[in-house]
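S.K.: Sharing a structure with you now.
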Amino acid sequence: MYKGRRAIFDEISGKTGQIAILVDPEKTKEEEIIVRLAQKAEFAGVNYFLVGGSTVSAKDLKQCIALLKQHTQLPVILFPGASHQISDDADALFFLNLISGRNPDYLIGHHIAAASELQEMNLEIIPTAYVLVDGGKQTSVQYVSQTTPIPGEQFSIARNTVLAGMMLGLQLIYFDAGSGAYNLVPTDWIYKLRKEIQVPIIVGGGIKSIETIDKFKEAGVNLIVIGNHIEENIDFLLDIGNYNREVKKA
Ligand SMILES: CC(C)=CCC/C(C)=C/CC/C(C)=C/CC/C(C)=C/COP(=O)(O)OP(=O)(O)O
Ligand SMILES: O=P(O)(O)OC[C@@H](O)CO
Ligand SMILES: [Mg+2]
C-alpha cells in the first residue's frame with residue numbers, strides 16, 4: 001500500500017548541486033556496463049540513478065532496475081515516459097505532470113492508468129512539475145508527448161507555468177531541455193525563480209561540462225541530471241568525482 005514516504009524528496013530538497021545519472025534501459029542492458037556505472041558513480045559521489053525513457057518497454061525497465069539494485073547502494077528513482085514504466089524494485093518515482101504541454105494523456109491519463117498498481121507498491125511518489133524547455137532541437141519527449149516546449153526567451157510563461165504547478169500541489173520542478181539538447185535551460189530562469197519559490201528544482205538536457213554543473217548549483221538547482229554525456233563518455237564520472245571532492249573541501 002502506498003505509504004506517502006518523503007525520504008528521497010527530503011534528500012533532494014536538502015541541498016543544491018546534487019547529481020543524478022539518467023540510465024536509459026533501452027541502451028543499457030548489459031550487466032557489465034551497469035556494474036561499471038555503479039562503481040564509478042559511487043566513487044564519484046553521484047547522488048541518485050534515474051531510470052526511464054520516452055519509448056522504454058516494461059520488460060527492459062524492470063531488468064535494468066533489478067540489475068542496478070544488485071550493484072549499487074544509491075537510490076534509484078523512476079523517471080517514467082509512460083504508465084507501464086514502474087517497478088517496485090526502485091526507491092521512488094517522479095510522478096511527472098507535463099504541465100508545459102496540453103496533452104491530457106500526459107497531464108492525467110498515464111497517472112490514472114498507473115494508479116492502481118502504484119497503490120500496491122512501496123515506492124515514494126513525488127508529484128513533479130515536468131516542464132519542457134526548447135533545447136534547440138526536436139526531442140523524443142516532444143515527439144512522443146506531442147507537446148511544444150517553452151521557448152528559452154519566454155521567462156514569464158515558464159514562471160506562470162511553475163507557479164500554477166505549485167498551486168496545484170506539485171512538489172518539485174523538473175526543467176528539461178531534452179535529451180541531447182543544444183541549448184541548456186537558461187540559468188537566469190533559476191536565479192529569478194529562486195527569489196520567490198523554495199521548492200526543489202531539477203535541471204537536465206544537454207549537460208556536458210563541470211562548468212555547467214557548477215553554474216546550475218550556484219543558481220540554486222538541487223539536482224542536475226546527466227544522461228547522454230555519461231553514455232558517451234563514462235570517464236566524465238572521474239571529473240564529477242574531482243569536482244565533488246573540491247566542493248566538499250571548500
Ligand atoms: C504517471 C506515470 C507512471 C508516468 C507519467 C508519464 C508522463 C507524464 C511522462 C512525461 C513525458 C515523457 C515522455 C517523459 C519521458 C522523460 C524521459 C525519461 C526522458 C529521457 O530521455 P529519452 O526520451 O529517453 O531520450 P533519448 O532516448 O533520445 O536519449
Ligand atoms: O541525456 P541528456 O542530454 O543529459 O538529458 C537528460 C535528461 O534531462 C533528458 O530527459
Ligand atoms: Mg533515452
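S.K.: I need the calculated FRET efficiency for the pair residue 163 and residue 29, taking r as the beta carbon distance and R₀ as 35 Å, to the nearest 0.05.
M.R.: Result of the calculation: an efficiency of 0.30.
S.K.: Suppose R0 equals 41 Å. What FRET efficiency, 1/(1 + (r/R0)^6) with r the Cβ-Cβ distance, do residue 218 and residue 116 give to the nearest 0.05? Don't skip to the end; give the middle numbers.
M.R.: Details: r = 43 Å, r/R0 = 1.04.
That pair, residue 218 with residue 116, gives E of 0.45.
S.K.: Starting from the Kirkwood Rh over alpha-carbon pairs, what translational D in µm² s⁻¹ does segment 7-249 have by Stokes-Einstein at 10 °C and 1.306 mPa s?
M.R.: Result for D is 89 µm²/s.
S.K.: Report the accessible area of residue 144, computed with a 1.4 Å probe over the heavy atoms of all protein chains in place, in Å² rounded to the nearest 10.
M.R.: Accessible area of residue 144: about 50 Å².
S.K.: Could you work out how far the C-alpha centroid of segment 1-43 sits from that of segment 147-201, in angstrom?
M.R.: Segment 1-43 and segment 147-201 have Cα centres separated by 22 Å.
S.K.: Right, here's the next one. If you stretched the chain out fully between residue 155 and residue 55, how much longer would it get, using 0.36 nm times the residue separation minus the C-alpha to C-alpha distance?
M.R.: 33.0 nm
S.K.: Which FRET efficiency value, to the nearest 0.05, is calculated for residue 73 and residue 246 with the Förster distance at 25 angstrom and r the Cβ-Cβ distance?
M.R.: 0.60
S.K.: If I ignore ligands, DNA and RNA and count only protein heavy atoms, how much of residue 159 is accessible to a 1.4 Å probe, in Å² to the nearest 10?
M.R.: Only protein atoms counted, so the area is about 80 Å².
S.K.: Moving on to the next point. Any chance you could run the full-extension gain for residue 209 through residue 5? It's 0.36 nm times the residue separation minus the Cα-Cα distance, nm to one decimal.
M.R.: Going from the current span to full extension adds 70.1 nm.
S.K.: Please identify every one of the GluC sites (Glu not before Pro) in segment 141-244 that sits in a loop by DSSP and has no more than 12 other beta carbons within 10 Å of its own beta carbon. Kindly include the intermediate steps, with their values, before the conclusion.
M.R.: Details: sites: 153, 196, 211, 218, 231, 232; in loops: 153, 196.
Counting only loop positions with at most 12 other Cβ atoms within 10 Å, the GluC sites (Glu not before Pro) in segment 141-244 are 153, 196.
S.K.: Quick one: 3J(HN,Hα) in Hz for segment 212-228, Karplus 6.51/-1.76/1.60 with θ = phi - 60°, rounded, Gly and Pro as x.
M.R.: Whole-Hz 3J(HN,Hα) from phi for segment 212-228: 5, 4, 5, 4, 5, 4, 4, 6, x, 7, 6, 9, 10, 9, 10, x, 3.
The values are calculated or read from the model by the stated rules, or taken from the named source; none is laboratory data. This is a predicted model, so every value here is computed, not measured. Note: ideal-geometry Cβ built from the backbone for every residue, glycine included; neighbour counts use all protein chains shown. Ligands, DNA and RNA are stripped out before the accessible areas are found, and what is left, the full protein with its side chains, is counted by its heavy atoms. Shrake-Rupley method; radii C 1.70, N 1.55, O 1.52, S 1.80 Å.
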